[in-house]
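Okay, structure first, notes after.
The values are calculated or read from the model by the stated rules, or taken from the named source; none is laboratory data. Note that the structure is a prediction, hence the values are computed from the model and not measured. Glycine also receives a Cβ, built like all others from the backbone with ideal geometry; neighbour counts cover every protein chain displayed.
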Amino acid sequence: MRRLSGVLLAGAILLLPAFSHGAFAQQAPAAPQKTTYTGQAVIAAYVVNPDKTADYEKVMAQLKDALSKSTRPEAKQQLAGWRVMKNATPQPDGGIVYVHLISPVVPDADYSITNLVYEVVTDPMERTEFYNLYRGALKQALFVIQGPLTSDFSK
């Protein structure tokens, strides 16, 4: 083991939280970073590399599977309120936008994709494979919009 910038590194690869693209993919975070949202709904958009859409959809399938296998009650609520949409039109650079629609938001629940999958996938090699698949597919985060609903036309 060695210490780099105050972080202890081990021989095994330790993985970063969801959507993290830090310079040291092998550094051990002090604690898993939790992703929470406020308000009643979230719209989050991410650009996926054009040749990696199948990989991203595999990541989403693994997320769905992890949420369905979780024993936490809030995981079932997250599963019921989380939708992912693929934009039919590519970006000018060829990237494909995926939009996550989450409603209702489960207060204080962790929405970190890696944390949710790692809750069920505990084997270090499987975690590494998942992380590499996820990181390789994701080109960039576009935006996150979260807050209260101001109008509900269905009522």
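Among the conditions (1) under 13 Å from the mean Cα position of the chain (by Cα); (2) part of a helix (DSSP H, G or I); (3) of a type in the set (Val, Ile, Thr), the only one that THR53 does not satisfy is (1). Checking VAL99, VAL117, VAL105 one by one, the residue that is farther than 19 Å from LYS69 by Cα and under 13 Å from the mean Cα position of the chain (by Cα) is VAL99 and no other. Cβ-Cβ contacts under 9 Å between residues 6 or more apart (or on different chains), taken from a first residue in the range 89-102 that is farther than 16 Å from VAL42 by Cβ and among the hydrophobic types (A, V, I, L, M, F, W, C) to a second residue that is surrounded by 17 or more Cβ atoms within 10 Å (Cβ to Cβ) and at pLDDT 95 or above, are listed as ILE96/VAL47; ILE96/VAL48; ILE96/ASN49; ILE96/LYS52; ILE96/TYR56; ILE96/LYS139. Candidates in the range 106-120 are the residues that are outside any loop (DSSP other than H, G, I, E, B) and among the β-branched types (Val, Ile, Thr); of these, the one that is surrounded by the most Cβ atoms within 10 Å (Cβ to Cβ) is THR114. Scanning the range 28-39 for residues being touching a strand residue (DSSP E or B) at 6+ places or on another chain (Cβ under 8 Å) and either modelled with pLDDT of 95 or more or among the β-branched types (Val, Ile, Thr) (or both) gives a total of 2. Listed residues LYS64, LYS58, LYS69; which is surrounded by fewer than 17 Cβ atoms within 10 Å (Cβ to Cβ), under 13 Å from the mean Cα position of the chain (by Cα) and in contact (Cβ under 8 Å) with a residue 40 or more places away in the chain? Step by step, each of LYS64, LYS58, LYS69 is checked, and only LYS58 is surrounded by fewer than 17 Cβ atoms within 10 Å (Cβ to Cβ), under 13 Å from the mean Cα position of the chain (by Cα) and in contact (Cβ under 8 Å) with a residue 40 or more places away in the chain. Does ARG127 fit the bill of being in contact with a His (Cβ under 9 Å, 6 or more places away or on another chain), surrounded by 14 or more Cβ atoms within 10 Å (Cβ to Cβ) and assigned to a helix (DSSP H, G or I)? Considered against the rule, which asks whether it is in contact with a His (Cβ under 9 Å, 6 or more places away or on another chain), surrounded by 14 or more Cβ atoms within 10 Å (Cβ to Cβ) and assigned to a helix (DSSP H, G or I), ARG127 comes out as no. Has the range 120-137 got at least one residue that is touching a strand residue (DSSP E or B) at 6+ places or on another chain (Cβ under 6 Å) and in contact (Cβ under 8 Å) with a residue 40 or more places away in the chain? So far as the range 120-137 goes, yes, one or more of its residues are touching a strand residue (DSSP E or B) at 6+ places or on another chain (Cβ under 6 Å) and in contact (Cβ under 8 Å) with a residue 40 or more places away in the chain. Checking the stated criteria, LYS155 turns out not to satisfy the condition of being free of Cβ contacts under 8 Å to residues at least 40 places away in the same chain and touching a Ser or Thr at 6+ places or on another chain (Cβ under 9 Å).
Taken over the range 72-94, the criterion of being more than 18 Å from GLN140 (Cα to Cα), surrounded by fewer than 11 Cβ atoms within 10 Å (Cβ to Cβ) and of a type in the set (D, E, K, R) is satisfied by ARG83 alone.
In the range 130-155, what residues are hydrophobic (A, V, I, L, M, F, W, C) and either part of a strand (DSSP E or B) or under 19 Å from VAL47 (Cβ atoms) (or both)? Answer for the range 130-155, where residues must be hydrophobic (A, V, I, L, M, F, W, C) and either part of a strand (DSSP E or B) or under 19 Å from VAL47 (Cβ atoms) (or both): LEU133, ALA137, LEU138, ALA141, LEU142, PHE143, VAL144, ILE145. In this structure, does TYR46 turn out to be within 23 Å of ARG135 (Cβ to Cβ), touching a Phe, Trp or Tyr at 6+ places or on another chain (Cβ under 6 Å) and either touching a residue at least 60 places away in the same chain (Cβ under 8 Å) or not small (Gly, Ala, Ser) (or both)? So TYR46 fits the description; yes.
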